[in-house]
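Trainee: First, the structure itself, so that you have it in front of you.
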Amino acid sequence: MSSEIKQILTTDGIPLEISLKKAEKKNKIKAFLLVAPLLLFLFITYVFPIGEMFSRSIDDKMITNMLPKTFKEMEKWDGKELPSEEVFTAFYIDYKVLIENQTQGKLGQRLNKEKNGFNSITKKLMRQIKRNKIDESQSIKEQIMKVHKRWRDVEYWQAIKRTAPPYTMAKYLKGMDMYFAADGSIAQVDEDRRIHRILWLRTLEIALFVTIFCFLMGYPIAHLLATLPMKYSNLLMICVLLPFWTSLLVRTASWMILLQQQGVVNDFFVLIGLVADNNRPEMMYNKVGTYVAMTQILLPFMVLPLYSVMKTISPSLMRAGKSLGGTPFIAFWKIYFPLTIPGIGAGCLLVFILAIGYYITPALVGGASGTLISNQIAYHMKTTLDWSFASAMGLMLLSGVLVIYWIYNKLVGVDNIKLG
Amino acid sequence: MALPSYTETRYRIWHYFYIAICTFVFFFLIAPLFVIFPLSFNAEEFLVFSEGMKRLDPEAFSFRWYHEMVYGTKNPWGLAAKNSFIIAIFATIGSIILGTLAALGLSSRHMPYKGLIMAILISPMIVPLIISGVAIFFFMAKVGLAATHTGIVLAHIILGTPFVVITVTATLSGFDHSVTRAAASLGSNPVNTFMKITLPLILPGVISGGLFAFVTSFDEVVVVLFLAGLENTTIPVQMWTGLREQLSPTILAVATCLIILSTLILVTAELLRRRSERLRGINS
C-alpha cells in the first residue's frame, strides 16, 4: 500500500520511473543512430574485409574442389601403405575432369608446393591420359604406377591426403619459417632460408630503437616547450608542427637528398674533417638511413602527447621540491619525471605502433637491409600475387599491433589521443 | 630561461647542455625541410648542390624545374594534382559528415558501449596502413570499385574519419548542453538547433578535423598504390614512383609547393585551435 502512495507520477499519469526509463532509452537510440552511419560504413568497407583476410589466409578450398572423389575415397585409407585401387580410380576420374577443364596445371603447382616433384609427374600422367594410353578396363592403379616411380611412393599419396581439408594454417607457419613435414608435424625451414624471422626481428628492432630515439630527443624539447613562456614556445612549436603537417614523401625525399653520398650531411662531415672526401660513408640504403629518417618523421608523435601532459604539471611542484632541499636532479627525478609517465606511455606506444607498420620510408631509404614486414606484405600482394600469404602476414602483424592498441587503450584511453 | 644568479656552476653547465640538445633537436626536425627549397632552384639536373650554388652564383639557379613541373611534356603532375585535389576534397566532405555525426552520438552521455565503439572508429588510424590497404583493396576489387576515383575516395573516408571523430569529440567535451536544451525549450526542432546552435560552436573542431582528413587523403600513398590505376594517379603516387625510379629535380619543385601548402594548413589549424580554446574557455 505504502509504495503506491510514494510513487511519483508525471503529468500524464505515468509513474516517473517508467517515464524516465522510456526517455533514457529514446536518448540511447538517438545517440546510437548518430554513430550508426559511420559504424555501418566502417563495418562494411573495413572491418569485414579485414575478417575476410583471415578466411583468405587459411583458404585451401581450391584443391578440395579439384579432387572431390579422391578425397572421399581417401577417407577410408589409413595412410600407411599405398592406397587402394578405388583411390587411384577416383584420382584418375578427378584428374580427367581437370584436363577437360584445362585446370590440371594449377593442381600440379599446388601439389608441388606440398611436396617437390609433383609438377613433373602430374604432367607425365596428363600426357598419358591425353594420348589415351590408360585403358579403363584394366587396373588403373597398375597403370598410374607405371607412369612414374614416384606414383608408387606412398609419401606422394600422403601429400595429396594432407591437402584434403579446405583450411590450412600453412601460410601462418610459412610466415614464421616453418612448414608441415611429411608426417604432419611442424618443422623448421633450413637455417639459411629463414628470411621471415629475420624480417620480424628487424621490424621489431627498428620500431624499438626508433621509439627510444624519439623518446630521448622528444623528452627534452617537450619539456622546453612546456616550461618556456607562451610567446616563445608557440614559435618553437612550429618546428614540431610543420614537419607533422608536411607530406611524408616530401620529408623522405629531403632525407634522401641529405644522406646521399654527395649529400649535405656528408659535405658537412668532409668540411669539419670528420671523414675524407674520397671516403664518404654510405648513410642511405642501410639501417642508418632508416633510423634517422624514421626518427625525424615520428618525433612529433612523441612530442605532442608528452607536451600535453607536461603542460598540466605545475612549476611550483619543482620549486617546492627544491626548497625542501632536493637538488634539481633529485627534484626532477622524484617529482617531475613520475608525473610525465602517462605522456611517456602514450608517446612511446603511438610511435611504436606507427613504426612497426612503416612502409614508405624504409622502402625508399632503407635499401635491402631496411626491408620490413610491411614491404614483404606489399611484395607478395603486388609481385608474387600470393594474396593468402600476404593476408596471413598482415594478420600476424595486426594481432601484434592490436595487443599494443589494447594496452594503449587501457593506459591512455583512445578518447584521450590529442592531435595538434 | 634566464638562470637565477645563485645557480651553481655545474647546474649552469648542465642548463647550457640542455639548451644545446634542444637546439639540436629543433634543428633536426625543421632543417631537412629547408634543404628542398634551394635545391629546387638548381639549374642542373642533379639532386646535389652544384659548385655554382655553393658560390651563390646566380647562373646556377633557375626556375627550370618549376617550368618543367607545369609545362613539361608527358608530365604527370597536372593530372596527379587534379586527382589529388578532387579525391581529397570529396574524402574530406565524407569524413566530416560521418565523423561529426558519430562524434555527436559518442559525446552523448546516453551512448551505450562508448569505449568499444570509439576503439573501432579510431582503429583505421592505428592499424598499419599496409593492412588497411590490403583489406580495402579486397573489398573494392569485390564490389568493382578498384581503380576508380570513388573507390579511393571511400578508402580515404575510412582513413580520415578517425581524425574528425577525435577533434570533434574533444571540442564537444567542453560543450555546454544546456544551450541546446534552451533552444529546444524555446521551440526549435533538433535540426534547427544543430544548424543554429551546435554547429557554429563546434565549427573550429569540425574544420580542424577536416584539415586532418584533407591532409591524410592528400598525403596518402600506401592505399592508393593498391587501388589506383594509371588514370587515378595522385601527387604522392607520382612522388613515390619518381623517388624510386628517375630522380628528377621536378620532384623538389613539387615538394616545395607541398611544403608551402602544409605551412598554410598549419597556420589555419593553429588559428582554429586557439579560437576553439577561447570558445571553450580554456585559458592558455
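Laboratory data are not the source of any read-out in this text; all were calculated from the coordinates shown. Predicted model only: the values in this text are computed from it and were never measured. Because the Cβ atoms are built from the backbone with ideal geometry, glycine has one as well, and the counts that use them run over all protein chains shown.
Trainee: For B:T198, A:T327, what's the fewest-to-most ordering of other Cβ within 10 Å of each Cβ?
Mentor: A:T327, B:T198
Trainee: Could you identify which residue out of B:S123, B:S95, B:S188 has the top mean-square fluctuation in a GNM of chain B using Cα springs shorter than 10 Å?
Mentor: Most flexible of the set in this elastic network: B:S188.
Trainee: Most fluctuating residue of B:A146, B:A103, B:A60 in a GNM of chain B with Cα springs under 10 Å: which is it?
Mentor: Comparing B:A146, B:A103, B:A60 in a Gaussian network model of chain B, the most mobile one is B:A60.
Trainee: Another question about this same structure. By per-residue mean of other Cβ atoms within 10 Å, what is the highest-first order of A:376-382, A:14-20, B:167-173, B:62-68?
Mentor: On the way: A:376-382: 20.0, A:14-20: 12.4, B:167-173: 23.1, B:62-68: 16.0.
Result, highest mean first: B:167-173, A:376-382, B:62-68, A:14-20.
Trainee: Rounded to the nearest 0.05, what FRET efficiency do A:I29 and A:A276 give with R0 = 51 Å and r taken as the Cβ-Cβ distance? Could you check?
Mentor: Step by step, r from the Cβ atoms, then E = 0.10.
Trainee: When the helices in chain B are scored as -39500 (n - 2.57) per DSSP H run of 4 or longer and the sum is shared across all residues, what 222 nm value do you end up with, to the nearest 500 deg cm²/dmol?
Mentor: Helix-only estimate at 222 nm: -24000 deg cm²/dmol.
Trainee: Then there's this: Could you work out which residue, out of A:S55, A:S374, A:S120, moves most in a Gaussian network model of chain A, that is, has the largest mean-square fluctuation with Cα springs under 10 Å?
Mentor: A:S120
Trainee: Also, I was wondering about something else. Quantify how strongly other chains surround peptide B:110-119 by giving the mean number of their Cβ atoms within 10 Å of each of its Cβ atoms.
Mentor: Averaged over the peptide's residues, the number is 5.
Trainee: So for chain A, averaging the separation of alpha carbon pairs under 8 Å that are six or more residues apart and normalising by length, what relative contact order in percent results?
Mentor: Relative contact order, chain A: 17 percent.
Trainee: Determine, for each peptide in A:401-407, A:175-181, A:251-257, the mean count of other beta carbons within 10 angstrom over its residues, then list the peptides with the highest first.
Mentor: Sorting A:401-407, A:175-181, A:251-257 by mean packing, highest first, produces A:251-257, A:175-181, A:401-407.
Trainee: Shielding of B:48-61 by partners, i.e. mean partner chain Cβ atoms within 10 Å per residue?
Mentor: Average neighbour count from other chains, rounded to a whole number: 1.
Trainee: To continue, here is another question. Take the alpha carbon gyration tensor of the range A:61-166, find the square roots of its eigenvalues, order them as a ≥ b ≥ c, and report rounded if a/c is under 1.5; if not, report prolate when a/b exceeds b/c, else oblate.
Mentor: rounded
Trainee: Related question: Calculate the spin-label point distance for A:W406 paired with B:R12, positioning each point 7 Å from the Cα along the beta-carbon direction, and give it in nanometres.
Mentor: 5.6
Trainee: Output ³J(HN,Hα) for the range A:142-154: one whole-Hz value per residue in order, computed from phi by the Karplus curve 6.51 cos²θ - 1.76 cosθ + 1.60 with θ = phi - 60°, and x for Gly and Pro.
Mentor: 4, 5, 5, 4, 6, 4, 7, 5, 5, 5, 8, 8, 5
Trainee: When the chain is fully extended, how far beyond the present Cα-Cα distance does A:L9 get from A:V154, taking 0.36 nm per residue of separation?
Mentor: 43.9 nm
Trainee: Per residue of B:18-29, count partner chain C-beta atoms within 10 Å of its C-beta, then hand back the mean as an integer.
Mentor: Taking all residues of B:18-29 together, the mean is 6.
Trainee: Let me ask you something else. Return the distance in nm (one decimal) between the two label points of a simple spin-label model at B:F61 and B:I30, each offset 7 Å from Cα along Cα→Cβ.
Mentor: 2.1
Trainee: Further question: Based on the Cβ-Cβ distance of B:A141 and A:S323, what FRET efficiency does E = 1/(1 + (r/R0)^6) give at R0 = 60 Å, to the nearest 0.05?
Mentor: With a Förster radius of 60 Å, E is 0.35.
Trainee: While we're on this one: Given a Förster distance of 25 angstrom, what is the FRET efficiency for A:N101 paired with A:S137, based on the Cβ-Cβ distance and rounded to 0.05?
Mentor: Working: r = 25 Å, r/R0 = 1.00.
Computed FRET efficiency for A:N101 and A:S137 comes out at 0.50.
Trainee: Between the range A:144-158 and the range B:1-36, how many Å separate their Cα centres?
Mentor: Centre-to-centre (Cα) distance: 76 Å.
Trainee: Between rounded, prolate and oblate, where does chain A land on the alpha carbon gyration tensor, with a ≥ b ≥ c its root eigenvalues, rounded for a/c under 1.5, else prolate if a/b exceeds b/c? All intermediate terms of the calculation are to be shown ahead of the outcome.
Mentor: Numbers: a/c = 3.19, a/b = 1.51, b/c = 2.12.
It comes out oblate by the Cα gyration axes.
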